[in-house]
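See structure below.
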Amino acid sequence: MSAPNPSDSGSARRLVRPAVAALAGYVPGEQPSDPRVVKLNTNENPYPPSPRVAEAIAAAAGNLHLYPDPDSSALRRAAARLYGVDPDGVVVGNGSDELLAMLLRAAVDPGEVVAYPIPTYSLYDTQVALQGGRSMHFPYPADWSLPEAIFGCGARVFFICNPNAPSGTLVPLDAIERLARENPGSIVVADEAYVDFCDGTAVGLVGRVPNLVVLRSFSKSYSLAGLRVGLAMTTPALAAELLKVKDSYNLDRLAQAGALAALEDQAAMRANVDRVRATRARLSAELGRLGFRVVPSETNFVLAYGPGESQEGVARSLKERGVLVRWFRALPDALRISVGTDAQVDRLLDELRSLVAR
Ligand SMILES: Cc1ncc(COP(=O)(O)O)c(C=O)c1O
């Protein structure tokens, strides 16, 4: 019998777990190399982070021959002070994406259910499948409230992206608290990657509701998508369980130093958030004038339902003109548009006007 040839994909698939072989793999939004492209497709912050971040990274770069602090202690303490939680309940991750993976690795055995309302962050599907878990989807109703059926579904883990991507909508905190209290044997994750762009954080419930985990990202409000840092906040007891599945040095020295400097300059973050919110209001109003129905956004992006039916062609035409937005097969008549600088948004609106006029 001839040996399998791992260079052909059928043979390679037999070398990995069936859950991995069956996956198509997550496709992140496009990252073009041409700096002239107007990038409104992956919800980055268009403004630079606090200048203190680069200074802290430069200082940390002097010690790259040494491993980083495996516990990211200074960053955890600073986060705990800022958010009013127990430092032993804070876990840091290489982006909040790593924290999502750690939560699933810690809590979900093959075949167990992970539930979330949809449409939402599509990485949840990939990560649950990788873990061998079973995703249970609950479509959001027209008002984007938490679907009633999710409360009693008996999942092992619940993901509530709040505010949600790609809708930009927020569910009230009492709904999240109710979900956690009615499911005391499950972990309820409030994924708050975008929460700094609105008021509505569940961080005040951390510790009081023992099965709640609040996730934060430095990629959006702190303008640090390139650094890869996220935070999980929960009880010290649950954090201790999560730490068991963490890679020992998951956050490098530069990321720890940069994230700490960013946390310590709240004024810089707030100034960027205010600018994004002002541009968001203008973008939403102008899209409305162009015939789009814009879902009121609590985030740094807007979901805009087009005047025509499928928006796939519009997204493609914009790309040909050097403007990237996101189109999802699951929401064919809508575009998700990140809030850029005023100049970027003006360019998008000019291109859309000329497309509409055609
Ligand atoms: C809802 C949501 N959660 C988490 C993330 C990942 O954030 P990070 O860059 O911290 O991994 C994203 C990124 O787009 C997101 O949209």
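Where a number appears in this text, it was derived from the coordinates with a stated rule and is not lab data. Note that the structure is predicted; figures quoted are calculated from it, not measured. Every residue, glycine as well, gets a Cβ built from its backbone with ideal geometry; the counts of neighbours run over all protein chains shown.
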| query | Mean Kyte-Doolittle of at least -1.0 and a Cα length of 30 Å or more along the axis: which whole DSSP H helices of the chain meet both? | reply | 266-289
| query | Once label points are set 7 Å from the Cα along Cα→Cβ at both Asp346 and Ala12, what is their separation, rounded to one decimal in nm? | reply | 4.7
| note | Taking a crude spin-label model, label points 7 Å out from Cα along the C-beta direction, the Ser248 to Ala22 distance in nm is 3.5
| message | Can you tell me which lysines have their Cα less than 19 Å from the Cα of Lys220? Leave out same-chain residues fewer than eight positions away. | response | Lys39
| request: Please work out how much length the chain gains when fully extended from Arg277 to Asp71, using 0.36 nm per residue of separation minus the C-alpha to C-alpha distance, in nm with one decimal. | output: 70.7 nm
| said: As a test of understanding, state the convex hull volume per residue of the range 172-230 from its alpha carbons, in Å³. | reply: 73
| query | Between Val113, Val37, Val171, which gets the highest mean-square fluctuation from a Gaussian network model of the chain, Cα cutoff 10 Å? | reply | Val37
| task | Give, in whole angstrom and from largest to smallest, the semi-axes √(5λ) of the equivalent ellipsoid of the chain, with λ running over the eigenvalues of the Cα gyration tensor. | result | 31, 26, 24
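Counting DSSP beta bridges with both partners in the range 51-264, what percentage is antiparallel, nearest 5? List each step's numbers first, then the result.
Working: 8 of 26 bridges.
Rounded to the nearest five, the antiparallel share is 30 percent.
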| query | Normalised by the residues of the chain, what does the relative contact order come to in percent, with Cα pairs under 8 Å and at least six apart? | reply | 23
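Using the per-residue mean of other Cβ atoms lying within 10 Å as a proxy for protection, in what order, highest first, do the peptides 197-210, 22-35, 51-64 fall? Walk me through the intermediate numbers first.
Values: 197-210: 17.4, 22-35: 10.1, 51-64: 14.6.
Ranked by mean Cβ neighbours within 10 Å, highest first: 197-210, 51-64, 22-35.
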| request: Give the relative contact order (percent, whole number) for the range 51-264; include only Cα pairs under 8 Å separated by 6+ residues. | output: 31
| Could you work out the helix-only [θ] at 222 nm for the chain, with each DSSP H run of four or more residues adding -39,500 (n - 2.57) and the total divided by the number of residues, to the nearest 500 deg cm²/dmol? | -11000 deg cm²/dmol
| task | With both partners inside the chain, how many of the DSSP beta bridges are antiparallel, as a percent to the nearest 5? | result | 45
| field | Relative contact order [Cα under 8 Å, 6+ residues apart], the range 220-358, whole percent | value | 19
